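**Q** Please see the structure below; I have some questions.
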Amino acid sequence: MSAILEARGLSRRFIGGDGKPITVLSSLDFTVVPGELVAIVGASGSGKSTLLHLLGALDRPDEGDVLLEGMPYSSLDAAGLSTLRNRRLGFVFQFHHLLRDFTALENVMMPLSIANVAEAEARERAGAMLEQLGLASRASSRVTLLSGGEQQRVALARAMVHRPAVLLADEPTGNLDPPTATRLHELFADRGNRGDTAMVVVTHNRDLAERADRVMTMEAGHLREASAEVMLP
């Protein structure tokens, strides 16, 4: 199966406090196929989030390139990258980044509104996504009145509503209690099994990693194939 997301020779450096460059990623190669759930594990500070930012077109590499559906990010200007993020990528983070003054439904509608989808269609699609995630009864509630697990499900619905090619998640359940986190892990695995959306999830959670199709370990700026057993309990 052809790759839907591909990193070629990615390198990323930052300047440390002593003024010297620190290499976080070094000539990294990585591919993801449609519908695949890939978990990326590794020590804190190993470069996992940096990689996710590059894959999500939130940052640019010092060397190398990322291709989504065969389109190199390097060929796109700022407007083109913004369009790609809005239409072909979905993002879920540990802290939900929801619009606090809006309802669950309005939050999920937001990516569709940005993409100029008609309001009636956006409302219908957002409502259907919330229903799939068990939140139909909470659609009209302001997100500040929802539990942490409900808010994270709203964030997942928002990330999935525009049917992205790839969903990127950074410690998506790290702030939740174990039972709620387990429910979210099931939802991630279920969404990956339902369609062609691929998922790349940075996590320290063994349960989530065990549900992945592949587990990759970040070490010294490179990724290698691993298993959930490499993780701490």
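**Q** Does P61 fit the bill of being over 12 Å from V166 (Cβ atoms), touching a strand residue (DSSP E or B) at 6+ places or on another chain (Cβ under 6 Å) and without any contact (Cβ under 8 Å) to a residue 12 or more places away in the chain?
**A** Against the criterion (over 12 Å from V166 (Cβ atoms), touching a strand residue (DSSP E or B) at 6+ places or on another chain (Cβ under 6 Å) and without any contact (Cβ under 8 Å) to a residue 12 or more places away in the chain), P61 does not qualify.
**Q** Moving on. May I ask you to list pairs of residues, at least six apart or on different chains, whose Cβ atoms are under 6 Å apart, with the first in the stretch 171-187 being closer than 18 Å to Q132 by Cβ and the second being in a helix (DSSP H, G or I)?
**A** Pairs found: T180/G149; L184/Q152; H185/D207; H185/L208.
**Q** It is to be established whether one or more residues within the stretch 73-92 are aliphatic (A, V, I, L, M), more than 30 Å from G47 (Cα to Cα) and surrounded by 14 or more Cβ atoms within 10 Å (Cβ to Cβ).
**A** no
**Q** If you don't mind, there's one more thing I want to ask. Taking the options A118, A104, A159, A126, name whichever one is among the aliphatic types (A, V, I, L, M) and touching a residue at least 60 places away in the same chain (Cβ under 8 Å).
**A** Numbers: A118 fails: touching a residue at least 60 places away in the same chain (Cβ under 8 Å); A104 fails: touching a residue at least 60 places away in the same chain (Cβ under 8 Å); A126 fails: touching a residue at least 60 places away in the same chain (Cβ under 8 Å).
Step by step, each of A118, A104, A159, A126 is checked, and only A159 is among the aliphatic types (A, V, I, L, M) and touching a residue at least 60 places away in the same chain (Cβ under 8 Å).
**Q** Residue under question is S2, and the condition is that it be in contact (Cβ under 8 Å) with a residue 24 or more places away in the chain and not in a helix (DSSP H, G or I); does it hold?
**A** Taking the combined requirement at face value, the residue satisfies it.
**Q** Check A120 against each of (1) surrounded by 18 or more Cβ atoms within 10 Å (Cβ to Cβ); (2) at pLDDT 95 or above; (3) part of a helix (DSSP H, G or I) and name the one condition it does not meet.
**A** A120 satisfies all of (1) surrounded by 18 or more Cβ atoms within 10 Å (Cβ to Cβ); (2) at pLDDT 95 or above; (3) part of a helix (DSSP H, G or I) except (1).
**Q** Identify, please: which residue in the stretch 128-174 is among the basic types (K, R) and either within 16 Å of the chain's Cα centre (by Cα) or crowded, with 24+ Cβ neighbours inside 10 Å (or both) and is, among those, modelled with the highest pLDDT?
**A** Once the filter is applied, the top-ranked residue is R158.
**Q** Which one of these does V201 not meet: (1) buried (at least 20 other Cβ atoms within 10 Å of the Cβ); (2) at pLDDT below 75; (3) of a type in the set (V, I, T)?
**A** (2)
**Q** Yes or no: the stretch 27-38 includes at least one residue that is in a strand (DSSP E or B), over 26 Å from A165 (Cα atoms) and of a type outside the set (F, W, Y).
**A** The answer is no, given that none of the residues of the stretch 27-38 is in a strand (DSSP E or B), over 26 Å from A165 (Cα atoms) and of a type outside the set (F, W, Y).
**Q** Output yes when any residue across the stretch 39-50 is touching a residue at least 12 places away in the same chain (Cβ under 8 Å), under 20 Å from A212 (Cβ atoms), among the charged types (D, E, K, R) and out of contact with any Cys (no Cβ under 8 Å at 6 or more places or on another chain), and no when none is.
**A** Among the residues of the stretch 39-50, at least one is touching a residue at least 12 places away in the same chain (Cβ under 8 Å), under 20 Å from A212 (Cβ atoms), among the charged types (D, E, K, R) and out of contact with any Cys (no Cβ under 8 Å at 6 or more places or on another chain), which makes the answer yes.
**Q** Turning to a different aspect of this structure: Given the structure, is S75 at pLDDT below 95 and over 13 Å from V166 (Cβ atoms)? First the steps, then the outcome.
**A** Values: at pLDDT below 95: no; over 13 Å from V166 (Cβ atoms): yes.
No; evaluated as a whole, the condition is false for this residue.
**Q** Within the stretch 140-178, how many residues are of a type in the set (G, A, S), part of a loop (DSSP other than H, G, I, E, B) and either touching an Asp or Glu at 6+ places or on another chain (Cβ under 8 Å) or within 25 Å of L67 (Cα to Cα) (or both)?
**A** Start the filter on the stretch 140-178 by keeping residues that are of a type in the set (G, A, S), which leaves 140-141, 147-149, 155, 157, 159, 165, 169, 174.
Those still in the list that are part of a loop (DSSP other than H, G, I, E, B) too: 140-141, 147, 165, 174.
With the extra rule that they be either touching an Asp or Glu at 6+ places or on another chain (Cβ under 8 Å) or within 25 Å of L67 (Cα to Cα) (or both), the set shrinks to 165.
Final tally of qualifying residues: 1.
**Q** Determine, yes or no, whether T50 is among the β-branched types (V, I, T) and in contact with a Gly (Cβ under 7 Å, 6 or more places away or on another chain).
**A** Values: among the β-branched types (V, I, T): yes; in contact with a Gly (Cβ under 7 Å, 6 or more places away or on another chain): no.
Here the answer is no, as T50 does not meet what is asked.
**Q** Another question about this same structure. Within the stretch 64-86, which residues are without any contact (Cβ under 8 Å) to a residue 24 or more places away in the chain and part of a helix (DSSP H, G or I)?
**A** Within the stretch 64-86, Y73, S74, S75, A78, A79, G80, S82, T83 meet the criteria.
**Q** With the structure loaded, tell me whether R60 is in contact with a Leu (Cβ under 9 Å, 6 or more places away or on another chain), surrounded by fewer than 21 Cβ atoms within 10 Å (Cβ to Cβ) and part of a helix (DSSP H, G or I) or whether it fails that test.
**A** So R60 does not fit the description; no.
The values are calculated or read from the model by the stated rules, or taken from the named source; none is laboratory data. Quick caveat: nothing in here was measured; it's all calculated off a predicted structure. All Cβ positions, glycine included, derive from the backbone under ideal geometry; neighbour counts span all protein chains shown.
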